[in-house]
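Below you'll find the structure, written out as structure tokens, and then a few comments.
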Amino acid sequence: MSPASAICGNQARRLDNNILERALKKAILNRKKALFYKTLNGAGVGDLFMSLIHTCELNKANPFDYPTELQKHSEELKQKPSEWMPWNYRETLARLATPAAA
């Protein structure tokens, strides 16, 4: 029996590409909206925000709260940008909210 047959024959293992299809749907919708950008700079800004929103959604971060927190903590962001990615900024916020032990 081939490996592909073994996977397809097992009902516990489902083959699907829903995650990929959802990601592609976002890109296709963005492409349709991009037809109405007036300048290349506007298109670049739109692509940047679409990428930011999608990355936040994939990491279960609120796409509105994340940039707001980045603006509130701009000095800390400059010092350690790797701690302010959408997948770990909440831990950084929690650490900043906890007073350091004296």
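Please give the net charge around residue 26, taking every other residue with its beta carbon less than 13 angstrom from that of residue 26, where Lys and Arg add +1 and Asp and Glu add -1.
+2
Among 51, 82, 74, which comes first, second and so on when ranked by fewest other beta-carbon atoms within 10 Å?
82, 74, 51
Give the cross-link partners of residue 33 among the aspartates and glutamates, using a straight C-alpha distance below 16 Å as the criterion and excluding same-chain residues fewer than 8 apart.
List returned: 47.
What is the fewest-to-most order of 16, 65 by other Cβ atoms lying within 10 Å of their Cβ?
Fewest to most other Cβ atoms nearby, the residues stand as 16, 65.
Sequence neighbours fewer than 8 away in the same chain don't count; with that in mind, list the lysines whose C-alpha is under 28 Å from residue 80.
60, 72
Where a number appears in this text, it was derived from the coordinates with a stated rule and is not lab data. Everything numeric in this text was worked out from a predicted model, so none of it was measured. Every residue, glycine as well, gets a Cβ built from its backbone with ideal geometry; the counts of neighbours run over all protein chains shown.
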